[in-house]
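One structure is given below, encoded as structure tokens.
The values are calculated or read from the model by the stated rules, or taken from the named source; none is laboratory data. Predicted model only: the values in this text are computed from it and were never measured. Cβ: placed from backbone, ideal geometry, glycine included. Neighbour counts: every protein chain shown. Surface accessibility is based on the protein's heavy atoms, side chains included, excluding ligands, DNA and RNA. Shrake-Rupley method; radii C 1.70, N 1.55, O 1.52, S 1.80 Å.
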Amino acid sequence: MHIAVATIKDAEAIGRLQTFVHEMHVAHVGWYFRSVSPEQLGKIMSVQLSAPDTRAFVAKSDDETVGYVVGTVKEGEQREMAFAYHWLYIDQIFVKSERRREGIARALVTAMRGAAEAEGITELHLDVYSFNSDAKRAFMKLGFGTRVERMWMPLP
């Protein structure tokens, strides 16, 4: 298994993998997420991979893509009550279920961390839905911690 910078050529494979996590979001947060085909996800990923603020890596075993991570460089401007802030937000990370517990997610996060550090970015951020306890445990093992808990209230 090796980690490589993701390119437009990886968009289709990422789209196929993204289907698994996207459908989980549709099942749990269907009021927000809607089903889309793997082909559509590949096209969406192609656009995202073309953006100058995107950083992405794929994990490959032989010629098969077994995982990916996609992030976006974010900048908050200095304001009266806050300093300027620069971070890399991990939009998506996924490893095929049969390849989990092999260190692939750790390798993907390490690659993303290296990209961030090379640009002088000092933090990685990500969000995880409360229903996804497996992901929460995995992220904690990778060194992520909770800084803010976002709460919501549905209105009629």
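Here are a few things to note about the model shown:
- Residues that are touching a residue at least 40 places away in the same chain (Cβ under 8 Å), in contact with a strand residue (DSSP E or B) (Cβ under 9 Å, 6 or more places away or on another chain) and among the polar types (S, T, N, Q) within segment 49-93 comprise SER61, THR65, GLN92, listed in sequence order.
- Verdict on GLY114 being open to solvent by less than 80 Å² (accessible area, probe 1.4 Å), out of contact with any Phe, Trp or Tyr (no Cβ under 7 Å at 6 or more places or on another chain) and on the phi > 0 side of the Ramachandran plot: no
- Qualifying residues in segment 117-156 (those that are part of a loop (DSSP other than H, G, I, E, B) and touching a Lys or Arg at 6+ places or on another chain (Cβ under 7 Å)) - the one least open to solvent (accessible area, probe 1.4 Å): LEU142
- For segment 58-87, the set of residues classified as assigned to a loop (DSSP other than H, G, I, E, B) and open to solvent by 80 Å² or more (accessible area, probe 1.4 Å) consists of ASP62, ASP63, GLU77, GLN78, GLU80, MET81, PHE83, listed by residue number.
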